[in-house]
Amino acid sequence: MKLTAVITCLLLGGMAFAGAGDGSWLRKVSEKDRARLNPLANDPDAIAAGAKIYAEHCAPCHGDNAEGKMQGRHYRPNLHSRRVKEATAGELFWLLTNGSLRNGMPSWSRFPKLERWQVVTYVKSLH
């Protein structure tokens with residue numbers, strides 16, 4: 001069985017993004033997007049750039065240390081969670097690009113692709 005098929009089975013088998021509602025956004029991610037590789041994976045410069053973007057745009061919801069936080073009546077996910085650790089780079093890129101308003105995640109598609117990949121690289125470096 002292909003790795004992407006195994007990942008899909010795990011994800012669609014009810015494993016929701018920690019704190020992000022019912023995980024219904026995962027069903028919207030195509031196999032092509034899910035399998036997308038991060039062109040900046042393990043690049044220290046990309047991690048540093050992603051950390052700066054995260055601090056400015058993501059920390060207000062996910063916390064300075066990416067440990068999640070309450071915002072009003074809504075919990076914003078801990079990015080150190082097992083679900084985020086197991087997410088493919090393509091899934092995280094898709095979520096940054098498309099958002100999941102139902103779960104309180106805005107689309108960051110206005111950011112250039114490079115910056116979105118830098119954020120993905122930073123988030124993946126937390127593990």
Q | Of all residues making up region 24-41, the number that are polar (S, T, N, Q), at pLDDT 95 or above and either assigned to a helix (DSSP H, G or I) or in contact with an Asp or Glu (Cβ under 9 Å, 6 or more places away or on another chain) (or both) | A | 0
Q | Residue that is modelled with the highest pLDDT [pool: residues in region 117-127 that are surrounded by fewer than 21 Cβ atoms within 10 Å (Cβ to Cβ) and either within 12 Å of A48 (Cβ to Cβ) or not hydrophobic (A, V, I, L, M, F, W, C) (or both)] | A | S125
Q: Mind listing just one residue for me: the one in region 95-116 that is in contact (Cβ under 8 Å) with a residue 24 or more places away in the chain and more than 17 Å from I53 (Cα to Cα) and, of those, surrounded by the fewest Cβ atoms within 10 Å (Cβ to Cβ)?
A: R102
**Q.** Hits in region 45-82 - residues which are closer than 18 Å to E115 by Cα and among the charged types (D, E, K, R)
**A.** D45, K52, E56
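Assess whether R83 counts as being over 11 Å from the mean Cα position of the chain (by Cα), at pLDDT below 90 and buried (at least 17 other Cβ atoms within 10 Å of the Cβ).
So R83 does not fit the description; no.
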Q) Restricting the search to region 64-110, which residues are within 17 Å of L26 (Cα to Cα) and small (G, A, S)? A) S81, A87, A89, G90, G99, S100, G104, S107
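The values are calculated or read from the model by the stated rules, or taken from the named source; none is laboratory data. Every value quoted in this text rests on a predicted model; they were computed, and no experiment measured them. Please note: Cβ atoms are built from the backbone with ideal geometry, for glycine as well, and neighbour counts cover all protein chains shown.
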